[in-house]
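Worksheet: one structure, shown below.
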């Protein structure tokens, strides 16, 4: 007999405790959960998004456009930066703590006495789908947790599938080679359902196209079927032109980084297709949706004096894209890098492009058991020859301490960049005064749910 979940703290403790079941890729548990709950995933129309990087940004953009177009829109993303409630939203409002308690309690009771041991992500996916069904959303924008084929979210039968890009990450689960990883991501492609990709890697595009063709799914490829042209980029915005079914000139949004151009164009294409499918093309408010998009932890400025930016780049491709954008946005600034990454990540691949652009580096460790120790990162940097003799490198035991050291080094021409993991940027937001529950960050010991 289960005791009741009486408050929010008990509830998140219970949810995080499910991580003892680890990561189990497969749809058996999710299928059983959905059957028990009455198949809530069939109560709304959906857009399903996979990819190595850019999933969260693209999801937020699509949701924002649909909200501005008058739809009720659910958004399910992972991981969160500060509070669990960030993962489940309707019309960009985070789920209430009282609803988290109620949903978790109801699902827990529903599976009581059954031989069913859902993982953290499977249980939370069920919570999101049930919440969206009960709240009667028109559309749900659903981001995969990892991979695609065996991801818990792949129980959906979406109207549109999106694969933002494919590169090497989570290789222990998805395969070591890019072809294997691509096949796993392509698992979200459904028969007859249009799929969009922003990948610009020819081998990936060819494989995705072959898989889409074999399933009778039309594929829309960036650079061939739709494209964008960057007009302007500064520390808080980008402006760009888009060409697809229609041409949009001088679009803008309050996000920065060249990589956001590709995410935005992918989101627009999805909404163009959706508009045609629903015969509401004229009602899809792309310009307004992009202008009102909200997204944390992606080249986000959290302080102006001194300037502090957060970006959750946690794999080599993301780090390279971040470094390129930093060089474009701040060509004359001195970069002070604060970096903390996970111990099972490609440290050289992540740190290499970022350390090379920095004048000063502070290596740190978020309060998480899987985080790499700063001294280990320091040895990796020195052994790999990633820095020049003039680069100052230090370590700090906490993210907050690393940021204070960085601030002490700031001059008028300095910019602080905090990156390497969602854990690192989450703690940095807490240190910058962002609202949230630091206890959640410290107690959340997920394996693979955060990056």
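The values are calculated or read from the model by the stated rules, or taken from the named source; none is laboratory data. Everything numeric in this text was worked out from a predicted model, so none of it was measured. Ideal geometry is used to build each Cβ from the backbone, glycine not excepted, and the neighbour counts take in all protein chains shown.
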- Residues in the range 25-45 that are buried (at least 24 other Cβ atoms within 10 Å of the Cβ) and in contact with a strand residue (DSSP E or B) (Cβ under 8 Å, 6 or more places away or on another chain): how many? 0
- Message: Looking only at the range 394-432, filter to residues that are out of contact with any strand residue (DSSP E or B) (no Cβ under 8 Å at 6 or more places or on another chain) and in a loop (DSSP other than H, G, I, E, B); which one of those is surrounded by the most Cβ atoms within 10 Å (Cβ to Cβ)?
- Response: 398
- Query: Looking at the range 152-173, which of its residues are at pLDDT 95 or above and in a loop (DSSP other than H, G, I, E, B)?
  - Reply: 156, 157, 158, 159, 164
- Are there any pairs, at least 6 apart or on different chains, whose C-beta atoms fall under 6 Å, with the first in the range 136-148 and assigned by TED's automatic domain parsing to the domain that holds residue 208 and surrounded by fewer than 22 Cβ atoms within 10 Å (Cβ to Cβ) and the second part of a strand (DSSP E or B) and at pLDDT below 95, and if so, which? none
- Within the range 225-267, the residues that are over 26 Å from residue 319 (Cα atoms) and assigned to a loop (DSSP other than H, G, I, E, B) are 225, 244, 245, 246
- Output the residue which, of all residues in the range 84-103 that are in contact (Cβ under 8 Å) with a residue 40 or more places away in the chain and surrounded by 21 or more Cβ atoms within 10 Å (Cβ to Cβ), is farthest from residue 293 (Cα to Cα). 100
- Note on the structure: Over the range 246-271, the set of residues out of contact with any strand residue (DSSP E or B) (no Cβ under 8 Å at 6 or more places or on another chain) and either buried (at least 23 other Cβ atoms within 10 Å of the Cβ) or under 20 Å from residue 224 (Cβ atoms) (or both) is 246, 259, 263, 267, 271
- Message: I'm checking my understanding of the structure. Among residues of the range 352-384 that are touching a residue at least 60 places away in the same chain (Cβ under 8 Å) and either surrounded by fewer than 16 Cβ atoms within 10 Å (Cβ to Cβ) or in contact with a helix residue (DSSP H, G or I) (Cβ under 7 Å, 6 or more places away or on another chain) (or both), which one is farthest from residue 411 (Cα to Cα)?
- Response: 369
- Query: Among the listed residues 128, 104, 60, 133, which satisfies the condition of being in a helix (DSSP H, G or I) and under 30 Å from residue 179 (Cβ atoms)?
  - Reply: 60
- Item | Residue satisfying condition, being farther than 19 Å from residue 253 by Cα and either at pLDDT 95 or above or surrounded by fewer than 24 Cβ atoms within 10 Å (Cβ to Cβ) (or both), within set 323, 288, 313 | 323
